[in-house]
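Okay, structure first, notes after.
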Amino acid sequence: MVIIGLLAALVAPRFIRQEEKAKLKATKAQIELLGTALDTLRLDAGRYPTTAEGLEALRTRPSGLDKWDGPYLKKEVPLDPWGRPYVYRSPSEHGPYDLLSYGADGAPGGEADNADITSWER
């Protein structure tokens, strides 16, 4: 029993760390996918969605966008791997829009697994 406990104590932290790494990679991939969909919408409609229109503009035509040719996502707008919606702001100080997840803690800032994952930092 002691040996099993020692093995579990060694393996569990590594397994948990791998899970967090996978969530970070999934978040970056989803942000890339959403960014591509936003760029396609801009090419069709001539502008990015406003902050008020948000990422839902990728699935549903916002009023006043006659050249919208969506939906730009096959499925609903995903939540980040921690189950929270992505933050979208347009325009932004980093470019035409900000797209981000606040990471594991769900709060702005943070370090390691709690760090924000953003569209403007690669």
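The values are calculated or read from the model by the stated rules, or taken from the named source; none is laboratory data. What you see is a predicted model, and the numbers here were worked out from it, not measured in a lab. Glycine gets a Cβ as well: all are built from the backbone with ideal geometry, and neighbour counts include every protein chain shown. We work out accessible area using only protein heavy atoms, side chains counted, and drop any ligands, DNA or RNA first. Shrake-Rupley method; radii C 1.70, N 1.55, O 1.52, S 1.80 Å.
Over what distance in Å are the Cα centres of region 21-43 and region 45-69 separated? The two parts, judged by their Cα centres, are 17 Å apart. Rolling a 1.4 Å probe across all protein chains gives Val2 an accessible area of roughly 110 Å². Treating the angle as unsigned and between 0 and 90°, give the value, to the nearest 10°, between the Cα long axis of helix 2-45 and the longest Cα principal axis of the chain. With rounding to tens, the tilt is 10 degrees. Of the residues Ser63, Pro81, Ser92, the one whose Cα sits farthest toward the positive end of the charge dipole of the chain, with +1 on the Cβ of Lys and Arg and -1 on the Cβ of Asp and Glu, is Pro81.
One decimal place: the segment Leu43-Arg61 gains 5.0 nm when fully extended, by the rule 0.36 nm per residue minus the C-alpha distance. Carbon-plus-sulfur accessible fraction, region 57-117 (probe radius 1.4 Å, protein heavy atoms only): 49%. Starting from the Kirkwood radius over alpha-carbon pairs of the chain, derive D by Stokes-Einstein at 37 °C in a medium of 0.692 mPa s and give it in µm² s⁻¹. In µm²/s, the coefficient is 205.
For Arg59, what is the net charge nearby, where nearby means another residue's Cβ is under 10 Å from its Cβ and Lys, Arg count +1, Asp, Glu -1? So the surrounding residues net to +1.
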